[in-house]
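First comes the structure, then the notes that go with it.
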Amino acid sequence: MFRFAHPEWLYALLIIPGMVLLFILNRAVRNRNLQKLGDKTLLQEMMPGYTPVRPLIRFIFLMLAMGFLIVALARPQFGSKLTEVKRKGIELFIALDVSNSMLAQDVQPSRLERAKQAVARLADKLSNDRIGLLVFAGSPYIQVPVTTDYVSLKQFLDGIQPGMVPVQGTAIGAAIRLAASSFDPESGLKKAIVIITDGENHEDDAIEAAREAAEKGITVFVIGVGTPSGAPIPLPGSDQQNFLKDKSGQVVVTRLDEALLNQIAAAGNGTYIRATSLRFGLEEIIAKIDEMDRKEYKAQMYSEYDDQFMYPAGLALFFLLLELFLQDKRNPWLQKFNLFRFNI
């Protein structure tokens, strides 16, 4: 893979066409002034050894030196080599609830935004573990397969909104099953799923799904976001006073179902933690993950980009030296050496 570390320097190459234009104008003015002095043949006899070609060649060498120098300042780099590194870690899947109920603001700034902030901090605290991300509402979708690229995972978090899943609802069981089937079966690493939800499961048997995951050796942790007393659901794209209503016109209040979430965590041999505005519970989850047996695995990574600026810099120096040594007039001392003349 090729790149420039400082591509902004390449704009300086635009100077070269300007220099060429100035050189052409200068030569035209110079030739016009010489014509005013007299006959061209007579002038050449008055300036023995002068050749009009050499200034042009010197200018070309100077422009080449300038061009290669600018390319060197842009720092061309190559870094396509893949290297294998050994790491110790686990495979972790984050299953994030993005149903409309996650817009409730009983946890500030909202259940969903608080969860996204927590996942970003979790990614910051991981080092060698492989992490994946899926979102779910009425159905689950993989956002990021298991990876060690924590930066990409955090970038995907920014765009997560309830509208990205067309089927509304809360299918926790389907999310657990999709996460469990999306792990690398040949990695041999310990595996865990972290469910972040308000627990309003309307679609399937999440407890049975957690039990199935536990039978495969996958630990299921659950973080509950919200309050038991609940809060209304702001309509997406509206102000905070416009809330979701049922068919009878009553404002819908979404409540944290801690009883269900505790059962899911117990069935998955994991832990349930209730998140609040001040404490999301990440410390407990990280502590539990640290207790898991991390195993060694091989990961492929791109090697660091290698600077190649010395090559264009060397060419710039070469053409600059040629320009310095080449004179506008023929050197009488060098004329004595004729490599193509032989005495027979």
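A few points about this structure:
- Pairs from the list K116/K191; K154/K245; K125/K245; K245/K288 with a Cα-Cα gap above 28 Å: K154/K245; K125/K245; K245/K288.
- Candidates F221, G173, L153 compared by Cα position along the dipole of the stretch 86-300: farthest toward the positive end lies L153, with charges placed on Cβ.
- Each residue in V29, V253, V225 was given a count of other beta-carbon atoms within 10 angstrom of its own, and listing them fewest first yields V29, V253, V225.
- Using a Förster distance of 30 Å, the FRET efficiency for E113-Q77 (Cβ separation, nearest 0.05): 0.20
- Rough spin-label spacing in nm, given labels placed 7 Å along Cα→Cβ, for R30 and I16: 2.1
- Cα point-scatterer Debye curve for the stretch 86-300, base-10 log of I(q)/I(0) at q = 0.08, 0.10, 0.14, 0.19 Å⁻¹: -0.25, -0.40, -0.78, -1.44
- With both labels modelled 7 Å from their Cα along Cα-to-Cβ, the F325 to M292 distance reads 6.7 nm.
- As a proxy for reagent exposure, ranking D198, D307, D257, D129 by other Cβ atoms within 10 Å from fewest up yields D307, D257, D129, D198.
- Trypsin sites (Lys or Arg not before Pro) restricted to DSSP loop in the stretch 180-224 with at most 15 other C-beta within 10 Å: K216
- Within the shell of other residues whose beta carbon sits under 14 angstrom from the beta carbon of A115, the net charge comes to +2, with Lys and Arg scored +1 and Asp and Glu -1.
- Calculated FRET efficiency, M310 to F23, Cβ-Cβ distance, R0 = 30 Å: about 0.55 to the nearest 0.05.
- Sparsely packed loop sites in the stretch 174-213 (the GluC sites (Glu not before Pro) outside DSSP H, G, I, E and B with at most 14 other Cβ atoms within 10 Å) comprise E186.
- With R₀ set to 51 Å, the beta-carbon distance separating V251 from K88 gives a calculated FRET efficiency near 0.50.
- Cα centroid of the stretch 195-268 to Cα centroid of the stretch 135-188, whole Å: 16
- Placing +1 on the Cβ of every Lys and Arg and -1 on the Cβ of every Asp and Glu, with nothing else charged, gives the stretch 86-300 a dipole about its Cα centre of roughly 540 debye.
Any read-out appearing in this document is the output of simple, stated calculations on the displayed coordinates, not a laboratory observation. None of the values given here were measured: they were computed from a predicted structure. With ideal geometry, Cβ positions are generated from the backbone for all residues, glycine too; neighbour counts draw on all protein chains shown.
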